[in-house]
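The values are calculated or read from the model by the stated rules, or taken from the named source; none is laboratory data. All values reported here derive from a predicted model rather than from experimental measurement. So basically every Cβ, Gly included, is an ideal-geometry build from the backbone, and we count neighbours across all protein chains shown. Heavy atoms of the whole protein, side chains included, go into the accessibility calculation; ligands, DNA and RNA do not. Shrake-Rupley method; radii C 1.70, N 1.55, O 1.52, S 1.80 Å.
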Amino acid sequence: PGIYVCAKCGHELFSSHAKYEHSSPWPAFTETVHEDSVSKREERPGALKVSCGKCGNGLGHEFLNDGPKRGQSRF
């Protein structure tokens, strides 16, 4: 339980309240802690490349419409 932060700079990224079980081996979240927690750029249709909103450290992807509920994204 708690807040997940960037390993490089400590910027707040995700809350354990937004974490859920997914078949991926990586932690899965439905939303960020703050609107500016991450920056995003389109990598391919349906997938955005996600970086720390403060230092730019690579965090993986946001998969659009792949969350636990219809219309939610998965980070």
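For the full complex of protein chains and a 1.4 angstrom probe, list L48, L64 by accessible area with the highest value first.
Details: L48 35, L64 75 Å².
The ranking, largest first, comes out as L64, L48.
So between V5 and L64, what do we pick up on full extension, going 0.36 nm a residue minus the alpha carbon distance?
Length difference between fully extended and current span is 19.1 nm.
For K8, which lysines qualify as cross-link partners when the Cα separation must be under 22 Å and same-chain residues fewer than eight apart are set aside?
K19, K40, K49, K54
Defining a contact as two alpha carbons under 8 Å apart and six or more residues distant in sequence, what relative contact order in percent does the chain show?
Working: 150 pairs, mean separation 17.1, N = 75.
With pairs under 8 Å counted, the relative contact order is 23 percent.
Quick one: longest stretch of the chain between exposed loop trypsin sites (Lys or Arg not before Pro), exposed meaning at most 10 other C-beta atoms within 10 Å and loop per DSSP? Present the calculation step by step, with values, prior to reporting the outcome.
Details: sites that count: K69, R70.
Longest gap between qualifying sites, sites excluded: 1-68.
Could you state the orientation-averaged shadow area of the convex hull built on the Cα atoms of the chain, in nm² to one decimal?
If you wrap the Cα atoms of the chain in a convex hull and average its projections, you get 4.9 nm².
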